[in-house]
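What follows is a single structure, written as C-alpha coordinates, with notes after it.
The values are calculated or read from the model by the stated rules, or taken from the named source; none is laboratory data. These figures come from a predicted structure and were not determined experimentally. FYI the Cβ positions are ideal-geometry reconstructions off the backbone, even for glycines, and counts take in every protein chain you see.
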Amino acid sequence: MKLSIKEIKEKMLGCWLGKNIGGTLGSPFECCRGLNDVNFYIQDLGAPIANDDLDLQLVWLNAVERNGKYVDASVLAEYWISFIDPNWSEYGAAKNNLKKGIVPPISGFLYNPNRNSCGAFIRSEIWSCLAPGNPNLAVRYMLEDAIIDHSEEGVYSAVFCAAVESAAFCENDINTLLQIGLSYIPENCAVAKATRFVIESYKKGIDWKEVRKQLLIHFPATFGLILGCTDKESAAELPRGELGFDAPSNIGFIILGLLYGEGDFGKSICLAVNCGEDADCTAATVGAVLGIINGEKNIPNKWKEPIGNKIITRFINSSDAGCTLPKTVEELTDRIICAIPEFLGQEYCKVCNGTGFEILCDETKLFKQNINYNNFYTVDFITESEQRRFATHYSSPLFELWLDYGEPPYIKAGKIYTITVRMKNNIRQHQWLKFKCITEPDSLILPNKDFSFCLENDHGCIGKGEFSFKVKAPEKLEGEHYEFILDITSKGHPTRMFVPITFYNTPIPECDKPYVKSSGE
(Lines give C-alpha, C1' and ligand atoms only; values in the text may rest on other atoms or scores of the structure.)
Protein backbone atom coordinates (compact mmCIF):
# COMPACT_ATOMS: atom_id res chain seq x y z
CA MET A 1 0.00 0.00 0.00
CA LYS A 2 1.13 3.54 -0.76
CA LEU A 3 0.01 6.66 1.10
CA SER A 4 0.07 9.87 -0.94
CA ILE A 5 0.85 13.28 0.53
CA LYS A 6 -2.82 14.21 0.10
CA GLU A 7 -3.99 11.18 2.08
CA ILE A 8 -1.38 11.68 4.77
CA LYS A 9 -2.21 15.36 5.18
CA GLU A 10 -5.95 14.73 5.53
CA LYS A 11 -5.40 12.09 8.21
CA MET A 12 -2.71 14.08 9.98
CA LEU A 13 -4.93 17.17 10.17
CA GLY A 14 -7.61 14.92 11.65
CA CYS A 15 -5.11 13.60 14.19
CA TRP A 16 -4.08 17.01 15.55
CA LEU A 17 -7.54 18.52 15.38
CA GLY A 18 -8.99 15.47 17.15
CA LYS A 19 -6.25 15.76 19.75
CA ASN A 20 -7.10 19.40 20.43
CA ILE A 21 -10.84 18.72 20.58
CA GLY A 22 -10.58 15.82 23.02
CA GLY A 23 -8.06 17.61 25.22
CA THR A 24 -10.19 20.74 25.38
CA LEU A 25 -13.36 18.78 26.13
CA GLY A 26 -11.77 16.84 28.97
CA SER A 27 -9.66 19.63 30.47
CA PRO A 28 -12.17 20.72 33.18
CA PHE A 29 -12.45 17.13 34.43
CA GLU A 30 -8.77 16.20 34.62
CA CYS A 31 -7.53 14.76 37.93
CA CYS A 32 -11.04 14.20 39.34
CA ARG A 33 -12.63 10.85 40.13
CA GLY A 34 -16.28 10.31 39.38
CA LEU A 35 -18.77 9.63 36.63
CA ASN A 36 -19.29 12.68 34.44
CA ASP A 37 -22.26 13.52 32.21
CA VAL A 38 -20.65 15.45 29.38
CA ASN A 39 -22.00 15.80 25.86
CA PHE A 40 -20.27 19.01 24.73
CA TYR A 41 -17.75 21.65 25.79
CA ILE A 42 -18.59 23.42 29.03
CA GLN A 43 -16.11 26.29 28.50
CA ASP A 44 -16.42 29.58 26.62
CA LEU A 45 -14.01 28.94 23.80
CA GLY A 46 -12.70 30.44 20.59
CA ALA A 47 -9.47 28.45 20.69
CA PRO A 48 -8.34 25.12 22.15
CA ILE A 49 -7.09 24.85 25.72
CA ALA A 50 -3.30 24.65 26.12
CA ASN A 51 -2.26 21.12 26.98
CA ASP A 52 1.03 19.39 27.78
CA ASP A 53 -0.24 16.46 25.65
CA LEU A 54 0.52 18.51 22.54
CA ASP A 55 3.17 20.92 23.84
CA LEU A 56 5.85 18.28 24.41
CA GLN A 57 5.35 16.91 20.91
CA LEU A 58 6.11 20.32 19.41
CA VAL A 59 9.50 20.18 21.12
CA TRP A 60 10.08 16.70 19.66
CA LEU A 61 9.25 18.07 16.20
CA ASN A 62 12.05 20.61 16.60
CA ALA A 63 14.42 17.81 17.62
CA VAL A 64 13.50 15.79 14.53
CA GLU A 65 13.85 18.79 12.22
CA ARG A 66 17.42 19.25 13.41
CA ASN A 67 18.50 15.61 13.92
CA GLY A 68 16.32 13.64 11.48
CA LYS A 69 16.26 9.86 11.88
CA TYR A 70 19.16 10.06 14.36
CA VAL A 71 16.98 11.47 17.13
CA ASP A 72 17.13 9.22 20.20
CA ALA A 73 16.64 9.33 23.96
CA SER A 74 19.89 11.27 24.46
CA VAL A 75 18.88 13.96 21.98
CA LEU A 76 15.34 14.20 23.36
CA ALA A 77 16.68 14.43 26.92
CA GLU A 78 18.71 17.51 25.99
CA TYR A 79 15.66 19.12 24.39
CA TRP A 80 13.68 18.24 27.51
CA ILE A 81 16.13 20.07 29.75
CA SER A 82 16.28 23.06 27.40
CA PHE A 83 12.67 23.67 26.41
CA ILE A 84 10.14 21.81 28.59
CA ASP A 85 8.96 23.75 31.64
CA PRO A 86 6.87 21.39 33.84
CA ASN A 87 8.51 20.09 37.01
CA TRP A 88 5.63 18.01 38.33
CA SER A 89 5.20 14.23 38.70
CA GLU A 90 7.16 12.07 36.23
CA TYR A 91 8.22 15.13 34.24
CA GLY A 92 9.87 16.63 37.32
CA ALA A 93 11.44 13.36 38.40
CA ALA A 94 13.01 12.87 34.98
CA LYS A 95 14.22 16.45 34.77
CA ASN A 96 15.79 16.19 38.22
CA ASN A 97 17.49 12.92 37.26
CA LEU A 98 18.79 14.31 33.98
CA LYS A 99 20.26 17.34 35.73
CA LYS A 100 22.15 14.97 38.05
CA GLY A 101 23.59 13.11 35.08
CA ILE A 102 21.25 10.11 35.28
CA VAL A 103 20.59 9.14 31.66
CA PRO A 104 17.69 7.27 30.00
CA PRO A 105 16.33 4.71 30.63
CA ILE A 106 17.47 4.96 34.26
CA SER A 107 16.18 8.56 34.36
CA GLY A 108 12.66 7.20 33.88
CA PHE A 109 12.93 4.77 36.79
CA LEU A 110 14.96 6.20 39.67
CA TYR A 111 13.23 8.42 42.26
CA ASN A 112 10.08 8.30 40.11
CA PRO A 113 6.89 6.95 41.73
CA ASN A 114 4.96 8.12 38.65
CA ARG A 115 6.94 5.96 36.22
CA ASN A 116 3.73 4.02 35.45
CA SER A 117 1.56 7.06 34.83
CA CYS A 118 0.15 8.67 31.68
CA GLY A 119 2.74 11.24 30.63
CA ALA A 120 4.28 9.20 27.79
CA PHE A 121 1.28 7.78 25.93
CA ILE A 122 -0.15 11.29 25.57
CA ARG A 123 2.73 12.26 23.26
CA SER A 124 2.63 9.29 20.88
CA GLU A 125 1.08 11.06 17.88
CA ILE A 126 4.26 12.76 16.68
CA TRP A 127 6.00 9.41 16.08
CA SER A 128 2.91 7.93 14.43
CA CYS A 129 2.64 10.89 12.07
CA LEU A 130 6.35 10.74 11.23
CA ALA A 131 6.02 7.00 10.50
CA PRO A 132 2.47 6.65 9.12
CA GLY A 133 1.52 3.06 8.33
CA ASN A 134 4.80 1.77 9.79
CA PRO A 135 4.11 0.97 13.47
CA ASN A 136 7.39 -0.92 13.92
CA LEU A 137 9.24 2.29 13.22
CA ALA A 138 6.87 4.52 15.21
CA VAL A 139 7.29 2.21 18.21
CA ARG A 140 11.09 2.32 17.94
CA TYR A 141 11.09 6.10 18.36
CA MET A 142 8.29 6.07 20.93
CA LEU A 143 10.51 3.89 23.12
CA GLU A 144 13.35 6.40 22.89
CA ASP A 145 10.88 9.06 24.00
CA ALA A 146 9.07 7.17 26.78
CA ILE A 147 12.13 5.89 28.65
CA ILE A 148 13.19 9.43 29.50
CA ASP A 149 10.51 9.80 32.19
CA HIS A 150 8.72 6.44 32.42
CA SER A 151 9.31 2.74 32.90
CA GLU A 152 7.23 -0.45 32.79
CA GLU A 153 3.51 0.31 32.31
CA GLY A 154 4.22 3.93 31.45
CA VAL A 155 6.34 2.73 28.53
CA TYR A 156 3.97 -0.06 27.45
CA SER A 157 1.03 2.34 27.28
CA ALA A 158 3.01 4.69 25.03
CA VAL A 159 4.15 1.88 22.75
CA PHE A 160 0.57 0.61 22.48
CA CYS A 161 -0.77 4.02 21.44
CA ALA A 162 2.03 4.68 18.95
CA ALA A 163 1.40 1.34 17.23
CA VAL A 164 -2.37 1.87 17.06
CA GLU A 165 -2.07 5.42 15.71
CA SER A 166 0.57 4.59 13.11
CA ALA A 167 -1.41 1.59 11.85
CA ALA A 168 -4.57 3.73 11.71
CA PHE A 169 -3.15 5.50 8.65
CA CYS A 170 -3.85 2.36 6.63
CA GLU A 171 -6.23 0.27 8.78
CA ASN A 172 -9.73 1.50 9.74
CA ASP A 173 -11.09 -1.34 11.88
CA ILE A 174 -10.87 -0.51 15.60
CA ASN A 175 -10.71 -4.15 16.71
CA THR A 176 -7.85 -4.88 14.32
CA LEU A 177 -6.02 -1.76 15.48
CA LEU A 178 -6.32 -2.83 19.12
CA GLN A 179 -4.88 -6.25 18.30
CA ILE A 180 -2.00 -4.55 16.47
CA GLY A 181 -1.32 -2.42 19.56
CA LEU A 182 -1.43 -5.48 21.82
CA SER A 183 1.10 -7.30 19.65
CA TYR A 184 3.76 -4.73 20.62
CA ILE A 185 3.53 -5.03 24.41
CA PRO A 186 4.07 -7.90 26.87
CA GLU A 187 1.02 -10.13 27.08
CA ASN A 188 0.99 -10.15 30.88
CA CYS A 189 1.49 -6.42 31.47
CA ALA A 190 -1.34 -4.48 33.12
CA VAL A 191 -1.95 -2.31 30.04
CA ALA A 192 -2.56 -5.43 27.95
CA LYS A 193 -4.82 -6.93 30.61
CA ALA A 194 -6.88 -3.74 30.90
CA THR A 195 -7.23 -3.56 27.12
CA ARG A 196 -8.37 -7.17 26.80
CA PHE A 197 -10.80 -6.68 29.71
CA VAL A 198 -12.58 -3.82 27.92
CA ILE A 199 -12.64 -5.71 24.61
CA GLU A 200 -14.24 -8.76 26.23
CA SER A 201 -16.68 -6.64 28.24
CA TYR A 202 -17.86 -4.87 25.08
CA LYS A 203 -18.38 -8.20 23.31
CA LYS A 204 -20.51 -9.38 26.26
CA GLY A 205 -22.65 -6.23 26.20
CA ILE A 206 -21.68 -5.09 29.71
CA ASP A 207 -22.71 -1.48 30.43
CA TRP A 208 -19.82 0.98 30.07
CA LYS A 209 -20.32 2.38 33.57
CA GLU A 210 -19.77 -1.04 35.07
CA VAL A 211 -16.70 -1.54 32.88
CA ARG A 212 -15.28 1.76 34.13
CA LYS A 213 -15.89 0.72 37.73
CA GLN A 214 -14.26 -2.68 37.26
CA LEU A 215 -11.23 -1.10 35.60
CA LEU A 216 -10.66 1.06 38.67
CA ILE A 217 -11.15 -1.93 40.96
CA HIS A 218 -8.80 -4.29 39.13
CA PHE A 219 -6.28 -1.65 38.07
CA PRO A 220 -6.52 0.80 40.98
CA ALA A 221 -5.09 4.24 40.28
CA THR A 222 -4.64 7.58 42.03
CA PHE A 223 -4.94 10.05 39.15
CA GLY A 224 -8.58 10.83 39.93
CA LEU A 225 -7.71 11.64 43.54
CA ILE A 226 -5.34 14.48 42.75
CA LEU A 227 -8.03 17.16 42.93
CA GLY A 228 -10.63 15.22 44.87
CA CYS A 229 -13.73 13.13 44.14
CA THR A 230 -16.90 14.43 42.52
CA ASP A 231 -18.80 11.17 43.01
CA LYS A 232 -18.67 10.21 46.68
CA GLU A 233 -20.49 6.93 46.24
CA SER A 234 -18.05 5.59 43.67
CA ALA A 235 -15.14 6.98 45.65
CA ALA A 236 -16.22 4.91 48.63
CA GLU A 237 -16.43 1.76 46.50
CA LEU A 238 -13.18 2.13 44.61
CA PRO A 239 -9.80 1.21 46.13
CA ARG A 240 -6.95 3.66 46.28
CA GLY A 241 -4.17 2.41 44.06
CA GLU A 242 -0.41 2.72 44.30
CA LEU A 243 0.78 6.26 43.70
CA GLY A 244 1.31 6.84 40.00
CA PHE A 245 -0.01 3.50 38.74
CA ASP A 246 -2.36 5.28 36.33
CA ALA A 247 -1.62 4.16 32.77
CA PRO A 248 -3.48 0.80 32.73
CA SER A 249 -6.90 2.11 33.80
CA ASN A 250 -6.65 5.21 31.62
CA ILE A 251 -5.69 3.15 28.58
CA GLY A 252 -8.77 1.11 29.43
CA PHE A 253 -10.89 4.28 29.25
CA ILE A 254 -9.44 5.03 25.81
CA ILE A 255 -10.43 1.55 24.61
CA LEU A 256 -13.86 2.04 26.19
CA GLY A 257 -14.37 5.26 24.25
CA LEU A 258 -13.26 3.72 20.97
CA LEU A 259 -15.43 0.60 21.31
CA TYR A 260 -18.56 1.87 23.04
CA GLY A 261 -18.50 5.01 20.89
CA GLU A 262 -18.97 2.73 17.87
CA GLY A 263 -17.37 5.12 15.41
CA ASP A 264 -19.27 8.22 16.47
CA PHE A 265 -16.62 10.91 17.09
CA GLY A 266 -18.58 12.96 19.65
CA LYS A 267 -19.93 9.96 21.54
CA SER A 268 -16.47 8.37 21.73
CA ILE A 269 -14.62 11.37 23.18
CA CYS A 270 -17.49 12.07 25.61
CA LEU A 271 -17.38 8.49 26.91
CA ALA A 272 -13.67 8.87 27.63
CA VAL A 273 -14.27 12.14 29.51
CA ASN A 274 -17.20 10.67 31.42
CA CYS A 275 -14.90 8.00 32.91
CA GLY A 276 -13.01 10.74 34.77
CA GLU A 277 -9.40 10.39 35.94
CA ASP A 278 -7.00 11.68 33.24
CA ALA A 279 -9.98 12.87 31.23
CA ASP A 280 -8.26 15.33 28.92
CA CYS A 281 -5.57 12.84 27.94
CA THR A 282 -7.89 9.91 27.31
CA ALA A 283 -10.31 11.98 25.21
CA ALA A 284 -7.42 13.56 23.31
CA THR A 285 -6.04 10.14 22.36
CA VAL A 286 -9.48 8.90 21.31
CA GLY A 287 -9.91 12.05 19.22
CA ALA A 288 -6.51 11.58 17.60
CA VAL A 289 -7.14 7.93 16.68
CA LEU A 290 -10.55 8.68 15.13
CA GLY A 291 -9.11 11.75 13.43
CA ILE A 292 -6.48 9.60 11.72
CA ILE A 293 -8.99 6.95 10.69
CA ASN A 294 -11.63 9.32 9.31
CA GLY A 295 -9.62 12.40 8.36
CA GLU A 296 -10.22 16.06 9.20
CA LYS A 297 -13.19 16.45 6.85
CA ASN A 298 -15.21 13.83 8.71
CA ILE A 299 -14.86 15.40 12.16
CA PRO A 300 -18.25 17.08 12.77
CA ASN A 301 -18.23 20.87 12.44
CA LYS A 302 -19.98 21.22 15.82
CA TRP A 303 -16.73 20.03 17.44
CA LYS A 304 -14.35 21.97 15.19
CA GLU A 305 -15.93 25.42 15.07
CA PRO A 306 -15.72 26.32 18.82
CA ILE A 307 -11.93 25.82 18.95
CA GLY A 308 -10.78 26.56 15.40
CA ASN A 309 -7.37 25.52 14.11
CA LYS A 310 -5.02 27.35 16.47
CA ILE A 311 -2.33 25.75 18.60
CA ILE A 312 -2.11 27.30 22.06
CA THR A 313 0.97 26.43 24.14
CA ARG A 314 1.73 26.91 27.80
CA PHE A 315 4.41 24.47 28.91
CA ILE A 316 7.29 25.25 26.54
CA ASN A 317 10.21 27.61 27.03
CA SER A 318 10.65 28.71 23.43
CA SER A 319 12.54 31.94 24.11
CA ASP A 320 15.63 30.26 22.68
CA ALA A 321 15.80 30.32 18.88
CA GLY A 322 16.38 26.57 18.96
CA CYS A 323 12.66 25.85 19.34
CA THR A 324 10.08 27.37 16.99
CA LEU A 325 6.40 26.58 17.48
CA PRO A 326 3.69 26.11 14.84
CA LYS A 327 0.69 28.38 15.33
CA THR A 328 -1.95 26.19 13.63
CA VAL A 329 -2.65 22.51 13.06
CA GLU A 330 -2.07 23.15 9.34
CA GLU A 331 1.41 24.53 10.01
CA LEU A 332 2.17 21.63 12.35
CA THR A 333 1.02 19.13 9.70
CA ASP A 334 3.04 20.80 6.94
CA ARG A 335 6.20 20.80 9.05
CA ILE A 336 5.84 17.10 9.85
CA ILE A 337 5.24 16.29 6.17
CA CYS A 338 8.39 18.20 5.25
CA ALA A 339 10.37 16.19 7.82
CA ILE A 340 9.10 12.76 6.72
CA PRO A 341 11.40 12.04 3.73
CA GLU A 342 14.61 12.59 5.71
CA PHE A 343 13.18 10.91 8.81
CA LEU A 344 12.02 7.75 7.00
CA GLY A 345 14.63 7.55 4.27
CA GLN A 346 14.38 5.68 0.97
CA GLU A 347 13.38 2.40 2.58
CA TYR A 348 9.99 3.78 3.59
CA CYS A 349 9.54 6.94 1.50
CA LYS A 350 9.46 6.99 -2.30
CA VAL A 351 10.00 10.36 -3.96
CA CYS A 352 7.72 10.83 -6.98
CA ASN A 353 8.71 13.19 -9.78
CA GLY A 354 6.41 16.18 -9.77
CA THR A 355 4.05 14.81 -7.10
CA GLY A 356 6.10 14.93 -3.90
CA PHE A 357 6.45 11.53 -2.23
CA GLU A 358 4.57 8.41 -1.19
CA ILE A 359 4.89 6.43 2.04
CA LEU A 360 5.34 2.70 1.55
CA CYS A 361 3.25 0.60 3.95
CA ASP A 362 3.33 -3.18 4.09
CA GLU A 363 -0.13 -4.12 5.35
CA THR A 364 1.11 -7.60 6.20
CA LYS A 365 3.57 -6.13 8.69
CA LEU A 366 1.38 -3.89 10.81
CA PHE A 367 1.62 -6.34 13.68
CA LYS A 368 4.85 -6.47 15.67
CA GLN A 369 7.94 -7.42 13.68
CA ASN A 370 11.37 -8.04 15.16
CA ILE A 371 13.98 -5.81 13.56
CA ASN A 372 16.37 -7.92 11.49
CA TYR A 373 19.86 -6.79 10.49
CA ASN A 374 20.97 -8.68 7.37
CA ASN A 375 19.41 -11.94 8.60
CA PHE A 376 21.97 -12.10 11.39
CA TYR A 377 21.15 -9.85 14.30
CA THR A 378 17.48 -9.75 15.31
CA VAL A 379 16.45 -7.22 17.94
CA ASP A 380 13.15 -7.13 19.80
CA PHE A 381 13.18 -3.56 21.08
CA ILE A 382 10.19 -4.07 23.37
CA THR A 383 11.68 -7.11 25.09
CA GLU A 384 15.02 -5.35 25.41
CA SER A 385 13.33 -2.36 26.99
CA GLU A 386 11.52 -4.63 29.44
CA GLN A 387 14.59 -6.64 30.42
CA ARG A 388 17.17 -3.85 30.35
CA ARG A 389 15.58 -0.93 32.10
CA PHE A 390 18.96 -0.23 33.71
CA ALA A 391 20.95 -0.35 30.46
CA THR A 392 22.15 2.98 29.10
CA HIS A 393 22.84 3.37 25.37
CA TYR A 394 25.72 5.07 23.56
CA SER A 395 26.38 5.39 19.85
CA SER A 396 29.33 6.07 17.56
CA PRO A 397 30.02 5.61 13.82
CA LEU A 398 31.87 2.39 14.68
CA PHE A 399 29.59 0.68 17.18
CA GLU A 400 26.55 0.83 19.45
CA LEU A 401 27.06 0.14 23.16
CA TRP A 402 24.60 -0.77 25.91
CA LEU A 403 25.94 -0.55 29.46
CA ASP A 404 23.75 -2.70 31.71
CA TYR A 405 23.86 -2.24 35.49
CA GLY A 406 21.33 -5.04 35.94
CA GLU A 407 19.78 -3.26 38.94
CA PRO A 408 19.18 0.28 40.19
CA PRO A 409 22.62 1.92 40.57
CA TYR A 410 22.45 2.58 44.30
CA ILE A 411 25.78 1.90 45.99
CA LYS A 412 26.29 -0.18 49.11
CA ALA A 413 29.59 -0.30 51.00
CA GLY A 414 31.74 -3.26 50.00
CA LYS A 415 29.22 -4.68 47.53
CA ILE A 416 30.45 -6.26 44.27
CA TYR A 417 28.52 -5.26 41.14
CA THR A 418 28.51 -6.94 37.73
CA ILE A 419 28.42 -4.63 34.72
CA THR A 420 27.45 -6.11 31.36
CA VAL A 421 28.50 -4.48 28.10
CA ARG A 422 26.56 -5.36 24.92
CA MET A 423 27.81 -4.11 21.58
CA LYS A 424 26.75 -4.00 17.93
CA ASN A 425 29.24 -3.47 15.13
CA ASN A 426 28.32 -0.60 12.78
CA ILE A 427 30.95 -1.25 10.09
CA ARG A 428 31.64 -4.26 7.89
CA GLN A 429 34.94 -5.27 9.41
CA HIS A 430 36.29 -6.76 12.60
CA GLN A 431 37.30 -4.30 15.30
CA TRP A 432 39.82 -4.68 18.09
CA LEU A 433 38.51 -2.52 20.92
CA LYS A 434 40.56 -1.30 23.85
CA PHE A 435 38.88 -0.32 27.14
CA LYS A 436 40.75 1.88 29.62
CA CYS A 437 39.14 2.65 32.96
CA ILE A 438 39.75 6.16 34.28
CA THR A 439 39.18 6.27 38.04
CA GLU A 440 39.67 8.67 40.92
CA PRO A 441 41.22 7.84 44.31
CA ASP A 442 38.79 6.29 46.80
CA SER A 443 36.37 5.50 44.00
CA LEU A 444 35.12 2.15 42.69
CA ILE A 445 37.59 -0.73 42.80
CA LEU A 446 38.25 -2.60 39.54
CA PRO A 447 40.24 -5.86 39.25
CA ASN A 448 41.40 -4.84 35.77
CA LYS A 449 41.64 -1.24 34.60
CA ASP A 450 42.64 -2.07 31.02
CA PHE A 451 41.26 -4.81 28.79
CA SER A 452 40.50 -5.57 25.14
CA PHE A 453 37.59 -7.04 23.21
CA CYS A 454 37.19 -8.28 19.63
CA LEU A 455 33.97 -7.11 17.97
CA GLU A 456 33.42 -9.40 15.00
CA ASN A 457 31.64 -8.85 11.69
CA ASP A 458 31.28 -11.84 9.39
CA HIS A 459 30.28 -11.96 5.71
CA GLY A 460 29.01 -8.39 5.64
CA CYS A 461 26.55 -9.03 8.47
CA ILE A 462 26.38 -6.81 11.51
CA GLY A 463 28.23 -8.42 14.38
CA LYS A 464 27.45 -8.29 18.05
CA GLY A 465 29.27 -9.09 21.24
CA GLU A 466 28.84 -9.16 25.00
CA PHE A 467 31.07 -9.33 28.06
CA SER A 468 30.88 -8.55 31.77
CA PHE A 469 33.23 -7.22 34.42
CA LYS A 470 32.98 -6.62 38.16
CA VAL A 471 33.44 -3.52 40.27
CA LYS A 472 33.54 -3.25 44.04
CA ALA A 473 32.27 -0.39 46.17
CA PRO A 474 34.62 1.09 48.79
CA GLU A 475 34.23 -0.23 52.33
CA LYS A 476 33.49 3.30 53.51
CA LEU A 477 31.14 5.55 51.59
CA GLU A 478 31.49 9.29 51.90
CA GLY A 479 30.80 10.86 48.51
CA GLU A 480 27.45 11.68 46.90
CA HIS A 481 28.22 9.43 43.95
CA TYR A 482 30.97 7.09 42.73
CA GLU A 483 32.05 7.04 39.12
CA PHE A 484 34.65 5.92 36.66
CA ILE A 485 34.95 6.46 32.92
CA LEU A 486 35.34 3.83 30.21
CA ASP A 487 37.64 5.23 27.51
CA ILE A 488 36.96 3.10 24.41
CA THR A 489 39.04 3.13 21.22
CA SER A 490 39.09 0.92 18.12
CA LYS A 491 42.59 0.05 16.84
CA GLY A 492 43.30 1.89 13.60
CA HIS A 493 40.30 4.25 13.91
CA PRO A 494 40.24 7.84 15.22
CA THR A 495 36.82 7.59 16.94
CA ARG A 496 36.90 7.62 20.74
CA MET A 497 34.01 7.08 23.16
CA PHE A 498 33.83 7.99 26.84
CA VAL A 499 31.18 6.15 28.87
CA PRO A 500 30.52 7.07 32.52
CA ILE A 501 29.63 4.35 35.03
CA THR A 502 28.01 5.94 38.06
CA PHE A 503 26.55 4.68 41.34
CA TYR A 504 24.63 6.93 43.72
CA ASN A 505 25.09 7.10 47.47
CA THR A 506 21.60 8.11 48.57
CA PRO A 507 18.74 6.70 50.62
CA ILE A 508 16.63 4.46 48.39
CA PRO A 509 13.10 5.89 48.00
CA GLU A 510 10.11 3.69 48.79
CA CYS A 511 9.09 3.48 45.14
CA ASP A 512 12.38 1.71 44.32
CA LYS A 513 12.42 -0.92 47.15
CA PRO A 514 11.81 -2.76 44.80
CA TYR A 515 8.80 -1.77 42.72
CA VAL A 516 5.65 -3.65 43.86
CA LYS A 517 3.21 -4.32 41.04
CA SER A 518 -0.45 -3.44 41.23
CA SER A 519 -3.02 -6.04 42.21
CA GLY A 520 -4.40 -5.55 38.69
CA GLU A 521 -1.43 -7.50 37.39
Checklist entry - What is the residue count in the stretch 218-256 for residues that are buried (at least 23 other Cβ atoms within 10 Å of the Cβ) and part of a helix (DSSP H, G or I)? => result 12
Checklist entry - Which pairs do you get when a residue that is farther than 23 Å from GLY257 by Cβ, found in the stretch 38-67, comes within reach of a residue that is acidic (Asp, Glu), reach meaning Cβ atoms under 7 angstrom, with the pair 6+ apart or on two chains? => result TRP60/ASP145
Checklist outcome for this item: Every listed condition ((1) in contact with a Lys or Arg (Cβ under 9 Å, 6 or more places away or on another chain); (2) without any contact (Cβ under 8 Å) to a residue 60 or more places away in the chain) holds for SER268 save (1)
Checklist outcome for this item: Taking the stretch 59-77 and keeping only residues that are assigned to a helix (DSSP H, G or I), charged (D, E, K, R) and either modelled with pLDDT of 95 or more or in contact with a helix residue (DSSP H, G or I) (Cβ under 6 Å, 6 or more places away or on another chain) (or both), one is left with GLU65, LYS69
Next on the checklist: Just the residues that are free of Cβ contacts under 8 Å to residues at least 24 places away in the same chain and either in contact with a Leu (Cβ under 7 Å, 6 or more places away or on another chain) or assigned to a strand (DSSP E or B) (or both), please, taken from the stretch 473-497.
Outcome noted: ARG496
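One line per residue, one yes/no per condition, for (1) in contact with a Ser or Thr (Cβ under 6 Å, 6 or more places away or on another chain); (2) modelled with pLDDT under 90:
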{"position": "THR418", "(1), (2)": "yes, no"}
{"position": "SER443", "(1), (2)": "no, yes"}
{"position": "LYS449", "(1), (2)": "no, yes"}
{"position": "SER490", "(1), (2)": "no, no"}
{"position": "GLY520", "(1), (2)": "no, yes"}
Next on the checklist: Condition first: assigned to a helix (DSSP H, G or I) and β-branched (Val, Ile, Thr). Now tell me which residues in the stretch 200-217 satisfy that.
Outcome noted: VAL211, ILE217
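A quick yes/no check of all residues on (1) buried (at least 21 other Cβ atoms within 10 Å of the Cβ); (2) of a type outside the set (Asp, Glu):
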{"residue": "GLU78", "(1), (2)": "no, no"}
{"residue": "PRO86", "(1), (2)": "no, yes"}
{"residue": "LEU110", "(1), (2)": "yes, yes"}
{"residue": "LEU130", "(1), (2)": "yes, yes"}
{"residue": "ALA158", "(1), (2)": "yes, yes"}
Next on the checklist: Which numbered condition in (1) touching a Gly at 6+ places or on another chain (Cβ under 9 Å); (2) surrounded by fewer than 24 Cβ atoms within 10 Å (Cβ to Cβ); (3) not aliphatic (A, V, I, L, M) is the only one that GLN179 fails?
Outcome noted: (1)
Checklist entry - Out of (1) over 27 Å from GLN179 (Cβ atoms); (2) out of contact with any strand residue (DSSP E or B) (no Cβ under 8 Å at 6 or more places or on another chain), the odd one out for CYS352 is which? => result (2)
Checklist entry - Just wondering, is there one or more residues in the stretch 188-199 that are within 16 Å of the chain's Cα centre (by Cα) and not in a helix (DSSP H, G or I)? => result yes
Item to check | Sole exception among (1) within 19 Å of GLU483 (Cβ to Cβ); (2) touching a residue at least 60 places away in the same chain (Cβ under 8 Å); (3) of a type in the set (Gly, Ala, Ser) for SER82, by number | outcome: (1)
Item to check | Residue match in the stretch 252-265 (condition: over 13 Å from GLY22 (Cα atoms) and of a type in the set (Ser, Thr, Tyr)) | outcome: yes
Checklist entry - PRO48 is checked against (1) in contact with a helix residue (DSSP H, G or I) (Cβ under 8 Å, 6 or more places away or on another chain); (2) more than 22 Å from PHE265 (Cα to Cα) and fails just one. What number does that condition carry? => result (2)
Checklist outcome for this item: From the option list SER157, SER128, SER151, SER117, single residue qualifying as of a type in the set (Gly, Ala, Ser), part of a loop (DSSP other than H, G, I, E, B), at pLDDT 95 or above and under 28 Å from ASN97 (Cα atoms) is SER117
Item to check | Search result, residues across the stretch 187-201 that are at pLDDT below 95 and of a type in the set (D, E, K, R) | outcome: GLU187
Checklist entry - So ALA93 fits all but one of (1) closer than 22 Å to TYR410 by Cβ; (2) surrounded by fewer than 21 Cβ atoms within 10 Å (Cβ to Cβ); what number is the exception? => result (2)
Next on the checklist: Please pick out the residue among PRO326, PRO300 that is assigned by TED's automatic domain parsing to the domain that holds LEU54, touching a residue at least 60 places away in the same chain (Cβ under 8 Å), surrounded by fewer than 20 Cβ atoms within 10 Å (Cβ to Cβ) and not polar (S, T, N, Q).
Outcome noted: PRO326
Checklist entry - Would you pick out the residues in the stretch 437-448 that are farther than 19 Å from GLU475 by Cβ and exposed (fewer than 14 other Cβ atoms within 10 Å of the Cβ)? => result ILE438, ASN448
Item to check | Odd one out for GLY463, checked against (1) at pLDDT 90 or above; (2) farther than 30 Å from TYR111 by Cβ | outcome: (1)
Checklist entry - Take the residues of the stretch 96-108 that are touching a residue at least 24 places away in the same chain (Cβ under 8 Å) and part of a helix (DSSP H, G or I): which is surrounded by the most Cβ atoms within 10 Å (Cβ to Cβ)? => result SER107
